[in-house]
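Visitor: Below are the structure tokens for one structure; questions will follow.
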Amino acid sequence: MNETIMATARERAARHRREFDLRFEAYFAALPERLDTPPLSRFTPRCLELLRDLSLRGGKRLRVALLYEAARLVTTDPVPGLAEAALSIELLQTHGLVHDDIIDDAPVRRGGPSTYYAYRGEFPEAGRTALGLAVLAGDLAAFLSMRVLLEADVPAELRQAMLEVQLNAGAETVTGQIVDLERDFRPLPDEEFLHTVCEYKSTRYSVLAPLRLGLLAAGEDLARHDARLRRYATLVGIGGQLRDDYLDLFGDEDATGKSTGADLRAGRRSYALTALLARADEAQRAVVESALGDPHCPAETVERVRELARLLGVDGRLRSDTRRCAEAARAEAEDWRPYWREEAVAFFEGLPLSNVVPGG
């Protein structure tokens, strides 16, 4: 049964991604004509080009799938406003990626140069200009995210409600970035703080906001269901972050397409590294701490930390915790059946399970 709903969830998510990517490409193709920009500027078209490049360069589009499937909980009829909400969600994601890469000084994003490093390459002798342009590119993506909702052909009351969801999600994500930085000044952040970082930095805009937007557009009363939406979003968000942290330390670079050890080199006290520090003795902890935050940490040191984590059972714990969150999210979604369409509920049952770490 679980295998069936997992496969169905993957297939539907993939279909939403294909359809949205075409719409996103069309949005950026039309944007230069629709946006009132300074006619003599050379920098503004380049900014739009970089935002387009990053936005269309991959991404699983799970937020888009959550949005459309949330509407399907209520109806299978076409729902006005969903297309604009999807664009808004992914433009807000682009904003977050641009600013994330500035904060993390990250050269690569989605297999290509980050927006910040693209500007650094174009202005090698003008670092402040490169930084300023990258910040402004991220800001522009955020404003475009809100503008596209204003263009939705829906009743004014609904448009206002959807804007409120996105504005709150954006503001909460910024506070999430703040506590994300704060976390790394705590020698050993406890689980509650790690969950708080996850909730504000990603869960609220990546899971909860798409659910709310989809249900709003379909005419559902959010107040009746907000508690169950929050429970589901929290479990999916924590499970997804646990999976990401696991793959960052234990993943296969050929399979994930990402280099391992990014959290270690950046000094991020992730779920994985916090669990390792909590289990390590004094000598082992010194090995990890000496590598934390070293951007030039060699692959051999990352491997040493990885093997130490395996020795202390951190890999097994993360797999187990990821599975536990996924099963709890599936059970939460199962309880939605008295309220919403069963066929659509099955998607939300299968989605968390489809993202479990292999072997978990």
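Visitor: Over the chain, with every protein chain in place, what whole percent of the accessible area is carbon and sulfur at 1.4 Å, could you tell me?
Guide: Carbon and sulfur: 53 percent of the exposed surface of the chain.
Visitor: Follow-up. Could you tell me what % of all Cα pairs in segment 73-143 have separations over 13 Å? Mind dumping the intermediate values first?
Guide: Values: 1663 of 2485 pairs.
Result: 67 percent of Cα pairs exceed 13 Å.
Visitor: Suppose all protein chains stay in the model; what accessible area per residue would a 1.4 Å probe give for segment 1-141, in Å²?
Guide: 50
Visitor: Skip the ligands, DNA and RNA, and give the accessible area per residue of segment 154-242 with a 1.4 Å probe, whole Å².
Guide: Numbers: 3990 Å² over 89 residues.
The answer is 45 Å² per residue.
Visitor: Right, next: Mean 1/r over all different Cα pairs, inverted: what Kirkwood radius does segment 1-90 give, in Å?
Guide: With all distinct Cα pairs of segment 1-90 included, I get 15.0 Å.
Visitor: Right, here's the next one. Which residue fluctuates the most in the chain, going by a Gaussian network model with Cα springs under 10 Å, if the choices are 302, 314, 64?
Guide: So, out of 302, 314, 64, the one fluctuating most is 302.
Visitor: What fraction, in whole percent, of alpha-carbon pairs in the chain exceed 30 Å separation?
Guide: Of the Cα pairs, 40 percent sit more than 30 Å apart.
Visitor: For residue 15 and residue 193 in the same chain, what is the full-extension length gain: residue separation times 0.36 nm, less their Cα-Cα distance, in nm?
Guide: 60.5 nm
Visitor: Averaged per residue, what accessible area in Å² does segment 297-360 show with a 1.4 Å probe, protein chains only?
Guide: Spelled out: the 1.4 Å probe surface of segment 297-360, per residue, equals 44 Å².
The values are calculated or read from the model by the stated rules, or taken from the named source; none is laboratory data. Note that the coordinates shown come from a computational prediction; the quantities given were computed from them, not determined experimentally. Remember, those area values only see protein heavy atoms, side chains included, never the ligands or the DNA or RNA. Shrake-Rupley method; radii C 1.70, N 1.55, O 1.52, S 1.80 Å.
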